[in-house]
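See structure below.
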Amino acid sequence: MLFESICRSSCLCWSLGDAFDVRLRRHITFAKRVDKPFSLIYSDKYKVPNSVCESTPSKLSTYRILEPGMILLEKYVSIKDQIDIIYECEKWAKSGFFNHCDHQNGAKCKVMNMCFGRNWDPNTGYKERYRSDGSEPPPIPYELVSLVKAAVQDAQAILKDLPSMHPDICSVNYYPANGFLHLHQDRDESSDSLRRGLPVVSISIGECATFLYGDTRINKKLKRIFLYSGDVLIFGGKSRLIYHRVKQISQYTSPVQLVTEFGLRNDRLSLTFRQF
Ligand SMILES: O=C(O)CCC(=O)C(=O)O
Ligand SMILES: [Fe+2]
């Protein structure tokens, strides 16, 4: 089973076999379709690794302060933990948990999405507690909760005013090679969470994303950064409501190990954590 052979105190250990039980499904009829299973990796010949040993934060990690309350922890997530995260998401992708992220209002995006913790839909926000098939979203793996809290603590050592947070929502976006996400603010969380500026924490895995952000909707005025595999972007406090978009995904920028040894497709995965 997934990750059960990898368990060290210093790194992530996954044991989610009992995290989601189909028997919990409610008998509700939903009009929305459930998407077909798909795969983040090329084929089953790639086996869950048990030999890579590197804990997060990786020794290579550096940081960049971008704005008050906004920081990029570069190469923060170790390759080992990135692989664990990929295989965790792969499990849910294969079980058909990802949906196309369609916006009824015409806003453009090209991603597949699933949620841990609480369901979120681009058209209804967090109103729908259940997934489109009536089931509850799986809980956020506790290893990811720990990783996110550690990243926020490390960021707080640099940005003194950054509030703490306990993630209870994780939105996973899967960007194909031509994927992108329209300009938006993350503002569907509770008014208390927004008022306190509780940080949004986003982990990037796979291909590099061109990420634009700023305090305006005017495209020309947005700043640009590149989010590489293992980077953790945090925006809270005064930057909690920044506008942001993923403009494009660059091909052949994934760490070679993820692609050649573990079969990750030339795509991008982002996991965005928030406290409702
Ligand atoms: O993919 C990313 O890096 C950003 C995702 C995002 O902005 C969101 O899900 O709200
Ligand atoms: Fe966002």
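The values are calculated or read from the model by the stated rules, or taken from the named source; none is laboratory data. Since we're looking at a predicted model, the values are computed, not measured. All Cβ positions, glycine included, derive from the backbone under ideal geometry; neighbour counts span all protein chains shown. Quick note on the areas: whole protein, heavy atoms, side chains included, nothing else; ligands and nucleic acids left out. Shrake-Rupley method; radii C 1.70, N 1.55, O 1.52, S 1.80 Å.
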Review point. Take the residues of the stretch 183-192 that are in contact with a Phe, Trp or Tyr (Cβ under 6 Å, 6 or more places away or on another chain) and closer than 14 Å to HIS166 by Cα: which is farthest from ligand 2 (Cβ to nearest atom)?
Key: SER190
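Taking the stated definitions as given, is LEU241 in a loop (DSSP other than H, G, I, E, B), hydrophobic (A, V, I, L, M, F, W, C) and within 14 Å of ligand 2 (Cβ to nearest atom)?
Details: in a loop (DSSP other than H, G, I, E, B): yes; hydrophobic (A, V, I, L, M, F, W, C): yes; within 14 Å of ligand 2 (Cβ to nearest atom): yes.
For LEU241, the condition - in a loop (DSSP other than H, G, I, E, B), hydrophobic (A, V, I, L, M, F, W, C) and within 14 Å of ligand 2 (Cβ to nearest atom) - is met.
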Review point. Hey, does the stretch 93-112 have a residue that's open to solvent by less than 20 Å² (accessible area, probe 1.4 Å), of a type in the set (Ser, Thr, Tyr), in contact (Cβ under 8 Å) with a residue 24 or more places away in the chain and farther than 19 Å from LEU241 by Cβ?
Key: no
**Study point:** Residues of the stretch 221-255 that turn out to be within 23 Å of PRO57 (Cα to Cα) and among the hydrophobic types (A, V, I, L, M, F, W, C), as a count
**Key:** 7
Study note, to complete from the structure: Among ILE225, ILE242, the single one that is within 16 Å of ligand 1 (Cβ to nearest atom), over 16 Å from the mean Cα position of the chain (by Cα) and more than 26 Å from ASN123 (Cα to Cα) is ILE225
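Go through the stretch 196-226 residue by residue and tally those that are part of a loop (DSSP other than H, G, I, E, B), in contact (Cβ under 8 Å) with a residue 12 or more places away in the chain and either surrounded by fewer than 24 Cβ atoms within 10 Å (Cβ to Cβ) or within 16 Å of ligand 2 (Cβ to nearest atom) (or both).
Looking only at that region, the number is 8.
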Practice item. Kindly indicate whether ASP44 is in a loop (DSSP other than H, G, I, E, B), more than 30 Å from ALA155 (Cα to Cα) and either open to solvent by 30 Å² or more (accessible area, probe 1.4 Å) or modelled with pLDDT of 75 or more (or both). Key: yes
Check your understanding: Between a first residue in the stretch 137-162 that is open to solvent by 50 Å² or more (accessible area, probe 1.4 Å) and a second residue that is part of a helix (DSSP H, G or I), which pairs have beta carbons less than 6 Å apart while being 6 or more apart in sequence or on different chains?
Key -> ASP161/GLY237
Revision key, fill the gap. Among (1) open to solvent by 10 Å² or more (accessible area, probe 1.4 Å); (2) more than 11 Å from ligand 1 (Cβ to nearest atom); (3) touching a residue at least 60 places away in the same chain (Cβ under 8 Å), SER193 falls short only on (1)
Point to revise | Scan of the stretch 238-256 for residues that are open to solvent by less than 50 Å² (accessible area, probe 1.4 Å) and out of contact with any strand residue (DSSP E or B) (no Cβ under 8 Å at 6 or more places or on another chain), ordered by number | key: PRO255
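Residue under question is GLN275, and the condition is that it be within 12 Å of ligand 1 (Cβ to nearest atom) and open to solvent by 30 Å² or more (accessible area, probe 1.4 Å); does it hold? Spell out how you get there, then give the answer.
Numbers: within 12 Å of ligand 1 (Cβ to nearest atom): no; open to solvent by 30 Å² or more (accessible area, probe 1.4 Å): yes.
Considered against the rule, which asks whether it is within 12 Å of ligand 1 (Cβ to nearest atom) and open to solvent by 30 Å² or more (accessible area, probe 1.4 Å), GLN275 comes out as no.
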**Study point:** Criterion: within 14 Å of ligand 1 (Cβ to nearest atom) and within 23 Å of LEU194 (Cβ to Cβ) - qualifying residue of PRO137, PRO122, PRO163
**Key:** PRO122
Point to revise | Of the criteria (1) assigned to a loop (DSSP other than H, G, I, E, B); (2) under 19 Å from ARG64 (Cβ atoms); (3) open to solvent by 10 Å² or more (accessible area, probe 1.4 Å), which one GLY230 fails | key: (3)
